[in-house]
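The values are calculated or read from the model by the stated rules, or taken from the named source; none is laboratory data. Predicted, not measured: the structure shown is a model, and the values here were computed from it. Cβ coordinates were reconstructed from backbone atoms using ideal geometry, including for glycine residues, and neighbour counts include every protein chain displayed.
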Amino acid sequence: MSDIKIYSFDKCPFAQRTRMALIEKGLDFELIEIDVYNKPDWFLEISPYGKVPVVVHEGRAIYESAIINEYLEEKYPEVALMPDDHYERARARIWIDYCSNYYLPACTRLLRDHQDDDRQQQNLKIVGERLLYIEKECFAQNDGGVFWMGEQLTLVDLHYAPFFERFGAYEHLFDAKWPKECRKIRSWWDAMQDRKSYLETFLPTESHIATYSNMMQRIAS
């Protein structure tokens, strides 16, 4: 039995990024699915925030996906998922922060404001601007490699991948569009969809459409 347990929910993008990290590192783990809409009482004993993912390693619980992934990187450095260079590591963390504080909130507002046409048009504009920023400030300057930081796949790629997987649902539900200039992001996304870690964790667009439709119903009620 593995000494790594991950408490996950198959529809959760945050849990997906940690499952992807475990797979990329070739680590054995026990996957325990939690219904986040009907959490068992005992789950709060290992997840104070009541959220997934949670990794229990050597009997100790770690939560928050970005922190878990950093822990896995430090604990199991054999398959590196961060650059060796200190400056490049800092850049990687900046792009992780950009996802958490700029790209993801822009996408989340599409759900929140789905009944407000004026706000939604502004939200769609902002999502496009975020994608263009990534294209020009990251992929146009990463020395030609297909991944976020260049030739090496890193935690940055895993941080973003689950949310790009869900872009098909944004297109269907909100008429979101990829800017035509984002050719390098498209090449990156094509490469990510071939990764074993993605193939073993992704859900089809139809599943995300159903999930977001249910979320919007709860927001509206």
>> Quick check on my filter: what residues within the stretch 1-45 are β-branched (Val, Ile, Thr) and in contact with an Asp or Glu (Cβ under 9 Å, 6 or more places away or on another chain)?
In response: ILE4, ILE6, ILE23
>> Here is a list: GLU206, GLU135, GLU129. Which entry is touching a Cys at 6+ places or on another chain (Cβ under 6 Å) and assigned to a helix (DSSP H, G or I)?
In response: GLU135
> Among the listed residues ARG130, ARG109, which satisfies the condition of being surrounded by 15 or more Cβ atoms within 10 Å (Cβ to Cβ), within 17 Å of ALA169 (Cα to Cα) and touching a residue at least 12 places away in the same chain (Cβ under 8 Å)?
Replying inline: ARG109
> Taking the stretch 116-132, which residues are over 19 Å from ALA161 (Cα atoms) and of a type in the set (Lys, Arg)?
Replying inline: ARG119, LYS125
>> If I go through the stretch 2-28 residue by residue, how many of them are within 18 Å of ARG60 (Cα to Cα), among the acidic types (Asp, Glu) and either in a helix (DSSP H, G or I) or touching a residue at least 40 places away in the same chain (Cβ under 8 Å) (or both)?
In response: 1
> Does the stretch 146-163 include one or more residues that are assigned to a helix (DSSP H, G or I), surrounded by fewer than 20 Cβ atoms within 10 Å (Cβ to Cβ) and modelled with pLDDT of 95 or more?
Replying inline: yes
> Is it the case that some residue within the stretch 188-198 is touching a Lys or Arg at 6+ places or on another chain (Cβ under 8 Å), of a type in the set (Ser, Thr, Tyr) and touching a residue at least 24 places away in the same chain (Cβ under 8 Å)?
Replying inline: yes
> Of these, PRO83, PRO48, PRO53, which one is over 30 Å from ASN214 (Cβ atoms) and either hydroxyl-bearing (Ser, Thr, Tyr) or out of contact with any Asp or Glu (no Cβ under 6 Å at 6 or more places or on another chain) (or both)?
Replying inline: PRO83
> What number of residues within the stretch 164-182 are in contact (Cβ under 8 Å) with a residue 40 or more places away in the chain and either charged (D, E, K, R) or outside any helix (DSSP H, G or I) (or both)?
Replying inline: 9
